[in-house]
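The values are calculated or read from the model by the stated rules, or taken from the named source; none is laboratory data. From a predicted model like this one, the values you see are computed outputs, not experimental measurements. Counting neighbours? That spans all protein chains shown, and the Cβs are built from the backbone with ideal geometry, glycine included. The area values use the complete protein model at the heavy-atom level, side chains included, leaving out ligands, DNA and RNA. Shrake-Rupley method; radii C 1.70, N 1.55, O 1.52, S 1.80 Å.
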Amino acid sequence: MIRFIIADLRRLWLGCAVVVLLVALATALGVAVTLQERSLRLGSARAADKFDLVIGASGSETQLILSSIFLQPAPLPLVDGELLSKLAADPRVAWAAPVGFGDSFAGYPIVGTTTTLVTSTTPGFGEGRLFAAEGEAVLGASVTLPVGAVVKPMHGTAETGGPTHTDIAYKVVGKLKPTGTPWDRAILVPIQAVWHVHGLGDEPEHEDGGTEPAATVASATHDEDHHHGGIDPDAPIVEDFGADTPGLPAILVKPKSIADAYRLRQAYRGNGTVAVFPGEVLTGLYATLGDAKMVLSAVAAGSQALVAAALVLVTVIHVGQRRRQIGALRAFGAPRVAVFLIVWLELLLLVALGIGLGFVCGLLAAQFGAHLFTAKSGVILPVGFTRDDVRLALFLLGFAAVLSAVPALLAYRQSPAQALRS
């Protein structure tokens, strides 16, 4: 029987290839959607795992997280810099680190922060050391620059365009080990350097001889005509922040306990500030992502249903065209069960091959999409099969077995005499 089935499939190889391809494409669409959605959830959750609480000025919580943790460029309202020293002195806080951004180099964001954040959220250095002077920089693992390179910041991004600070340069002194987060694509510099590049950190004088609070000046850093300053490359890093600290887009906070995290979140929600757990924002994004997955899954299910209907139609027609062959088999003594099994196994084998090929193609498509996403954002997306995917494969094979029985029953019911007369 097996030899007969193989010979029959070889004789009809073109039609069999079309059937396998149709099933594979329909299956691959659903598998790719499932794997990609799952990998986005896991990858983004891992990227935000090291950051417990983010505090910023009142505004969009989603944009606060996307900008401060996922380093997506966007102008944020600034929170009063005095809050940083207040948090550093809070007994509920293990550490609090500012982040400042707005500049880039060769497509990589330049992020101003402190040595505390670097040492507390990264696995260490692949080469070199941590910055110790105002003119030094540290690279994320995915930044394609060598230690010793010179970085000249450009205001904004390569897409939005902006002036390059040609008279300002950072020297790369270290490169971090991979973290699997967007920070792998970041160039980290002392926060005081970011302030000084944009003319902040001191109290600049008004035309009338007065002074303007640094936090107010900081709110203008995104304006096209903002003031440019300079840095002293050899100046030591100062991380004792006080009341004159410039305004900040965000402050990343590590509470000492879970209870402290909730107390801090409650304390800084209102009065011009917002405190957010990254997981809260991601949950909302996952809900939106889940809705998109439902739509795409419905499209995939619809395409699979159409392919199934087409396969049944084509197979029924094929069985009708093979009536003489079936009649000859019966006339030579083949039992009805053997005829049923031949037709059933042929179609089941084709559909099973299509499902297997579809899972492979879906995995490759999801991995390709994950690679593009990682290259753009720095977030590593773990793409792979789980037990749920095994259950899906078994379900599809079970459905294929039932589907294949329809034309097999038609062949089973044909009498040899009637088949040979047709």
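For this structure, a couple of remarks:
- Condition check for V143: over 16 Å from G174 (Cα atoms) and either under 25 Å from the mean Cα position of the chain (by Cα) or in the same structural domain as I258 (by TED's automatic domain parsing) (or both): no
- Those strands (runs of 3 or more DSSP E) of segment 79-132 in which at least 3 residues are in contact with a strand residue (DSSP E or B) (Cβ under 6 Å, 6 or more places away or on another chain), among the hydrophobic types (A, V, I, L, M, F, W, C) and open to solvent by 10 Å² or more (accessible area, probe 1.4 Å), considering only elements entirely within it, cover 93-105.
- Yes/no for L306 being farther than 22 Å from R92 by Cα, surrounded by 14 or more Cβ atoms within 10 Å (Cβ to Cβ) and either at pLDDT 85 or above or not small (G, A, S) (or both): no
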